[in-house]
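Here it is: the structure, laid out below.
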Amino acid sequence: MTAHPRMSLNQATIRHADLAAALRVAQRAGIPAIGLWREPVAEVGLSKATAMLADSGLRFSSLCRGGFVTGHDRAAALEENRRAIEETAALADAGAAGSAPVLVLVAGGLPEGDRDLAGARNRVRDAVGVLADDAAAAGVALAIEPMHPMYAADRGVISTLAQALDLAEQFPSDRVGVVVDTFHVWWDPCLAEQVRRAGTTGRIVSYQVGDWVTPLPSDALLARGLPGAGHADLAAISGLVEEAGYRGDVEVEIFNEDLWQDDPERVAQRVVESFGHVVGATG
């Protein structure tokens, strides 16, 4: 099966592949775009990473991740995110035509011993308020990613698309938007309404797909499967996102130990096929 022209392979899906291998895997599978993670980029250095991406001919769909701004060391968190913004801008410039200068922001959880959830969410808002100006100067869009509520304590205090939009809409739409990640939002009874809201305000800057599989593994972070393998109605959600006006790349981002242990090229082919059958049919 030929890869869908809007499909992107998020590097997390083939986690154990380094940058060179990930680019090669996407190329060989005919996948036109890739979403990168900061750690593999840092392993080779930003300058080399941008050159490798340029040589690959792939589009760049996003960089994961910024955020984790709920701790009490505000200065260090802001500085780290400024570096991530610079990396995003450089990689987007190096990618093929149609690359998106999108930095995914995962808010962060509660600091150790802290039970002030509202306070943590306020710190996210304050940090985004500062970083929005840095993003604008670099031509980068900050993409707030709501995470499933089971991650609120340790990873993401922004739990619903509505919460992410409430935050994003305090800033210009060219600076701050949202990620719609099916794994995190598929369960939300208000999802259709909020996707339409996001479309009306032009806030969807990234769309990621991954299925919700059960039984949950001991590490719930790995409860993701290929499109069609779980319980999420990915075709319906993709239709909503399409109707909302999103026309960017669609990243397949799957944290799954079985996939990570498999051959990355075989995984890429499985991703192409499952995406085509479940997601690509929506347009």
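Since every read-out is calculated from the coordinates, none of them should be taken as a lab result. Quick caveat, the model's predicted, so the values are computed rather than measured. We place every Cβ from the backbone using ideal geometry, glycine too, and count neighbours over all the protein chains shown.
Obtain the nm distance between the two label points defined at Arg266 and Glu43 by a simple spin-label model: each point lies 7 Å from its Cα along the Cα-to-C-beta direction.
2.1 nm
So, one more: Using the Cα centre of the chain as origin and beta-carbon charges of +1 (Lys, Arg) and -1 (Asp, Glu), tell me which of Gly156, Leu105, Val140 is placed farthest towards the positive end of the dipole.
My answer, from the dipole projection, is Val140.
Continuing with this model, one more query. Among Glu79, Glu251, what is the fewest-to-most ranking by other Cβ atoms within 10 Å?
Fewest to most other Cβ atoms nearby, the residues stand as Glu79, Glu251.
Using a Gaussian network for the chain with springs between C-alpha atoms less than 10 Å apart, which of these wobbles most: Ala223, Ala168, Ala21?
Evaluated over the chain, the most mobile residue of the options is Ala21.
Between Val130 and Ala21, what length comes free when the chain is fully extended (0.36 nm per residue of separation minus the Cα-Cα distance, one decimal in nm)?
Taking 0.36 nm per residue and subtracting the Cα distance, the gain is 35.7 nm.
Measuring from a point 7 Å past the Cα of Ala235 along Cα-to-C-beta, which residues in the stretch 162-204 have an amide N at less than 14 Å?
none
What net charge is computed for the residues neighbouring Ala136, neighbours being all others with C-beta under 15 Å from the C-beta of Ala136, Lys and Arg scored +1, Asp and Glu -1?
-2
So if we plug the beta-carbon distance of Arg115 and Ala137 into 1/(1 + (r/R0)^6) with R0 = 41 Å, what FRET efficiency do we get, rounded to 0.05?
0.70
To the nearest 20 Debye, how big is the dipole of the chain about its Cα centre, given +1 on the beta carbon of each Lys and Arg and -1 on that of each Asp and Glu?
Here the size comes out at about 400 debye.
Would you calculate the separation in nanometres between label points at Arg74 and Asp166, each defined as 7 Å from the Cα along the Cα-to-beta-carbon direction?
Distance between label points: 2.1 nm.
Report the local net charge at Glu257: Lys and Arg +1, Asp and Glu -1, summed over other residues whose C-beta lies under 12 Å from its C-beta.
-1
Which of Ile158, Ile34 has the fewest other C-beta atoms within 10 Å, and how do the rest follow up to the most?
Ile34, Ile158
Please report the antiparallel percentage of the DSSP beta bridges confined to the chain, to the nearest 5.
If I count the DSSP bridges inside the chain, around 5 percent turn out antiparallel.
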